[in-house]
1. How many of the residues making up segment 346-357 are closer than 18 Å to Glu412 by Cβ and open to solvent by less than 20 Å² (accessible area, probe 1.4 Å)?
2. Select, from Ala366, Ala387, Ala376, Ala383, the only residue that is more than 24 Å from Glu248 (Cβ to Cβ) and of a type in the set (A, V, I, L, M).
3. Is segment 376-385 home to any residue that is at pLDDT below 95, of a type in the set (D, E, K, R) and under 21 Å from the mean Cα position of the chain (by Cα)?
4. Would you check which residues across segment 288-307 are surrounded by 21 or more Cβ atoms within 10 Å (Cβ to Cβ) and free of Cβ contacts under 8 Å to residues at least 60 places away in the same chain and list them?
5. Is it true that some residue in segment 23-46 is over 30 Å from Val225 (Cβ atoms), modelled with pLDDT of 85 or more and outside any loop (DSSP other than H, G, I, E, B)?
6. Would you mention how many residues in segment 282-295 are at pLDDT 85 or above, out of contact with any Lys or Arg (no Cβ under 8 Å at 6 or more places or on another chain) and part of a loop (DSSP other than H, G, I, E, B)?
7. For segment 89-110: of the residues being within 16 Å of ligand 2 (Cβ to nearest atom) and over 13 Å from the mean Cα position of the chain (by Cα), which is surrounded by the most Cβ atoms within 10 Å (Cβ to Cβ)?
8. Just name the residue that is least open to solvent (accessible area, probe 1.4 Å) out of those in segment 240-281 that are assigned to a loop (DSSP other than H, G, I, E, B) and within 16 Å of ligand 2 (Cβ to nearest atom).
Amino acid sequence: MARVKTRYTCSECGHVAGTWTGRCAGCGEWNTLEETRAPPASRSGGLRGSGGGARGAGAYSGLAGKPVPLRDVASPDVPRLQTRIGELDRVLGGGLVPGSLVLLGGSPGIGKSTLTGMALANLAASGARTLYVSGEESAAQVRLRAERLGDAALSVPALAESQLEPVVATLEVERPDVCVIDSIQTLHGAEGGAAGSVSQIREAAAALTEVAKWLDIALILVGHVTKDGNLAGPRVLEHLVDCVLRFEGERERTYRTIRASKNRFGATSEVGVFEMREGGLTEVADPSARFVEEATRAPGSVVLASMEGSRPVLVEVQALVAPTELDNPRRMANGIDRNRLSLVLAVLTRHAGIALGSADVFVNVAGGVRVDEPGADLAVALAVASAQRNQALVTPDGRPLACFGELGLTGELRLVGHADRRVAEAHKFGLRSVLGPAGGEKLAGMSTHSSIRSAIKDGLGRGRAEPAATSAEALGEAA
Ligand code: TYD
Ligand code: MG
């Protein structure tokens with residue numbers, strides 16, 4: 001009865017299908033289903049299996065465990081391993097937990113090897129045993145990078161190996177405190193399919209996890225992501241690991257952010273900001289200062305007082321509105337959710353008299369940063385309104401306006417969390433005029449509005465109007 005079942009697993013999303021199809025039903029990608037073999041049916045029955053008699057009542061008597069009140073369980077009070085990269089430690093929830101499993105995802109060239117190399121260098125310098133396993137680069141290439149990162153990086157032991165078994169054996173012999181596997185997609189077992197296939201990734205991860213848990217090794221698995229930002233292949237891995245970190249940003253831009261999308265040992269809302277320089281990644285401990293300094297103050301630009309986890313950050317949101325002949329005008333969003341942009345544009349059209357039906361609209365968060373919070377709505381709306389009217393959102397003395405707030409479908413401005421901290425951050429960087437939603441506590445230096453229409457009127461009415469480059473009529477301005 002033990003029959004090996006053939007299954008087909010998508011290499012992009014891990015979706016499992018019983019039959020082969022050209023297109024994955026899970027993610028819609030083409031030609032991604034790979035044949036995998038499920039274990040014989042007799043082993044996978046589970047507790048409620050159809051086995052009948054053998055698993056009937058009383059079959060497991062004598063095997064019962066003894067539940068313990070959580071109060072009486074010894075608390076694992078282990079000190080965390082500090083990477084001494086402040087932004088990384090914060091996102092991890094205060095450093096690496098010994099014996100934990102971290103998945104670090106990011107597109108090629110974003111700086112994953114650099115970041116992990118730097119973390120290992122710091123850990124080695126503070127006395128931890130480290131190991132860097134590279135399946136992608138030769139030891140000489142790893143050395144070249146380490147040379148750029150400084151002396152401490154050169155003391156990290158490295159192993160260039162893409163075979164799973166030697167890596168596991170090395171872990172058993174070396175017993176490091178922290179080990180980086182760069183990358184999980186390049187590891188493959190002696191038997192089995194090609195490196196990077198779902199079954200290989202699963203096998204490699206399972207084998208590594210087993211030794212790591214056994215020997216209390218903190219493992220950082222580096223993984224590549226697909227073009228839409230998912231970890232290529234091993235979505236299965238996300239369940240296995242304790243912490244999933246995403247390293248984001250655009251390769252050509254200087255700023256990179258790291259955030260946790262899953263963290264068993266800390267919050268998932270924290271964001272670390274880095275800048276890639278010669279000599280490695282440097283932390284941007286005070287991103288607001290950079291972004292405000294770089295804000296253009298031109299029509300279409302506004303400063304958003306956003307919350308990135310527990311920290312307020314000021315970022316510049318830019319919009320461009322350009323007349324178009326296209327039947328389906330373009331909507332492009334960089335750094336904000338596209339659907340959120342559509343919603344804001346619809347609200348602007350319907351409730352603020354800003355018609356955008358014959359205009360392309362581009363919205364960008366400057367510096368390659370991504371904002372993922374509803375509080376960004378007002379900034380997007382103001383930036384688009386300002387671009388469309390060609391009027392800058394500045395105070396009479398030429399300083400940018402700051403703003404935050406969520407837009408409701410009826411054109412109302414809604415409260416978002418931490419208004420006080422957002423306003424304080426704006427004031428700290430010299431932005432004395434902040435527009436925000438009404439209804440919360442009264443804050444000095446904040447003008448509150450309950451509708452998008454009145455917020456736009458206030459925001460655009462403060463500075464001097466620029467000579468119109470694109471006339472409002474040309475864009476089909478409603479009254
Ligand atoms: P890398 O860490 O190799 O990216 P990943 O492992 O995610 O593919 O490096 C990313 C880029 O950073 C690479 O193009 C070179 C550049 N870089 C610097 O600008 N300065 C540096 O000090 C280092 C080490 C790399
Ligand atoms: Mg790399």
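1. Initially, segment 346-357 is screened for residues closer than 18 Å to Glu412 by Cβ, giving 346-354.
Within this subset, residues satisfying the condition of being open to solvent by less than 20 Å² (accessible area, probe 1.4 Å) are 347-348, 352-354.
The number of residues fulfilling the criteria is 5.
2. On the way: Ala366 fails: more than 24 Å from Glu248 (Cβ to Cβ); Ala376 fails: more than 24 Å from Glu248 (Cβ to Cβ); Ala383 fails: more than 24 Å from Glu248 (Cβ to Cβ).
Exactly one residue qualifies, and that residue is Ala387.
3. Keep residues of segment 376-385 that are at pLDDT below 95, which gives none.
Among the residues of segment 376-385, not one is at pLDDT below 95, of a type in the set (D, E, K, R) and under 21 Å from the mean Cα position of the chain (by Cα), which makes the answer no.
4. none
5. Quick first cut of segment 23-46, residues over 30 Å from Val225 (Cβ atoms) only: 40-46.
With modelled with pLDDT of 85 or more added as a condition, the list becomes none.
No: zero hits.
6. Residues that pass the stated criteria total 0.
7. Taking segment 89-110 first, the residues within 16 Å of ligand 2 (Cβ to nearest atom) are 102-110.
If we keep only those that are over 13 Å from the mean Cα position of the chain (by Cα) as well, we get 102, 108-109.
Details: Val102: 23, Pro108: 11, Gly109: 12.
Per the stated criteria, the residue is Val102.
8. To start, the set of residues in segment 240-281 that are assigned to a loop (DSSP other than H, G, I, E, B) comprises 241-242, 249-254, 264-270, 278-279.
Remaining after also requiring within 16 Å of ligand 2 (Cβ to nearest atom): 249, 251.
On the way: Gly249: 26, Arg251: 151 Å².
For segment 240-281, the residue satisfying everything is Gly249.
The values are calculated or read from the model by the stated rules, or taken from the named source; none is laboratory data. The model shown is predicted, which means the values in this text are computed figures rather than measured ones. Cβ coordinates were reconstructed from backbone atoms using ideal geometry, including for glycine residues, and neighbour counts include every protein chain displayed. Surface accessibility is based on the protein's heavy atoms, side chains included, excluding ligands, DNA and RNA. Shrake-Rupley method; radii C 1.70, N 1.55, O 1.52, S 1.80 Å.
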